[in-house]
Amino acid sequence: MEEEASNKSSPPHNIALLPPPCFLGHLIPFIELSKKLVSQHNCCIVTLIIPHDHKSTLKTLLQNIPPQSTLLYSPISTADLPENIKAEILVPIRVIRSLPSLRQTLSSLRTPASALVVDLFAPYAIDLDESCGLSKEYRDLSEPIRLPGSIVLNPDDFPDSMKDRNSEVNTWMVDRARGIPPVYPVGPLIRTGPETESDRGSECLKWLNNQPPKSVLFVSFGSGGTLSLDQFTELALGLEMSKQRFLWVVRTPQENIAAAYLNTGKNIGNNPLDYLPQGFLERTKERGLVVASWAPQIQVLSHGSTGGFLGVPLIAWPLCFEQKMNAVVLRDGLKAAIRVEESENGIVERGYVSETVKQLMEGEEGKRIRERIMDLNIAAGNALSQEGSSSKALAHVVQKWISGK
């Protein structure tokens, strides 16, 4: 590892981190990056966070930041925007409107920042000098995009709003596409430390303690993933048809599937259990547990009874944003997932859900994927070791930041 980056005798440096304005799942890796920068690279971290509506959860997550970090909140208002605005539009607008405050914050730091690290969803916070002159939209391509590792991205794998030349998002993406910066693979950045204790968390773990080893499918769509009511019902009935054990974290159905990420849905405060098919809880009580909104994910995924995860990394069910591209990489690149496919009406139907769950939990493909996951866990551990590739890559990029080169 590079000595300069880890030399504890050198003065600390400021590295400013700008997570996205609304995605808790993206905030967690930034918190983990801040820990690494403080503990391994003698950096004083300034974390700039754009306010969003997950205030209680945000407060809980930020309890895990290093004491050397400074939290600075960048004020923003979007009250004038329509309620039905697309999530892909709302996110960049929040970033753009925060820029004046962000510039003022950065310029007023007592110790100037050596670097500003921004999220994929906050590219307006950086300026690159050269334009690639992009003019095509993705659905105009005559052939799929082929990436290293036999990964093929078809037009349908891109976010819908990026495929429409007339959409604001397409204009935004083309406007910000400037050059290809170097890539430094420093991950995986996985949440560490205990999660907040709660009655629901204890209920989940007690229930798992009574299940056979590797027998439970964990069903979760992340910090804000929601389903339409029709899809919610099909998933419930598919899980019932599969006859497999499951632990399902349910959220109130929304027709705008990105609504919970941005806390913009109309019924987000309603009890999600009220939307389950009639009699579902009674019929599945011997092999399933349904909890509302939250479960202690780290403990659940590491529990001996958990044999599968619907979402990532074993069954990939993309909902919105860049998740379709992620699903392609998981299935075709890493060979670590089964990807669900929608029917012609845009719904993953109950019979397909049932067969996919059984394929994962009992079938040969599920067995191959579990073996692959074990190999990937070993590879990730090696990469994160002191002399691993991720640790060396982080040391290298930190040295570039603090040296100004």
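Key figures for this structure:
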item	result
Summed side-chain charge close to Arg350 - residues other than Arg350 whose Cβ falls under 9 Å, Lys, Arg +1, Asp, Glu -1	-3
Diffusion coefficient, µm² s⁻¹, Stokes-Einstein with Kirkwood Rh over alpha-carbon pairs of the stretch 330-387 at 4 °C and 1.567 mPa s	99
Rg over Rh, two decimals, the stretch 316-360 (C-alpha only, Kirkwood Rh)	0.98
Nearest-10 value in Å² for the accessible area of Glu371, using the 1.4 Å probe	90
Distance in nm between pseudo-label sites at Lys214 and Ser389 (7 Å out along the Cβ direction from Cα)	2.6
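The values are calculated or read from the model by the stated rules, or taken from the named source; none is laboratory data. Quantities reported herein were computed from a predicted structural model and do not represent experimental measurements. We place every Cβ from the backbone using ideal geometry, glycine too, and count neighbours over all the protein chains shown. Calculation scope for accessible area: heavy atoms of the full protein, side chains included, ligands and nucleic acids excluded. Shrake-Rupley method; radii C 1.70, N 1.55, O 1.52, S 1.80 Å.
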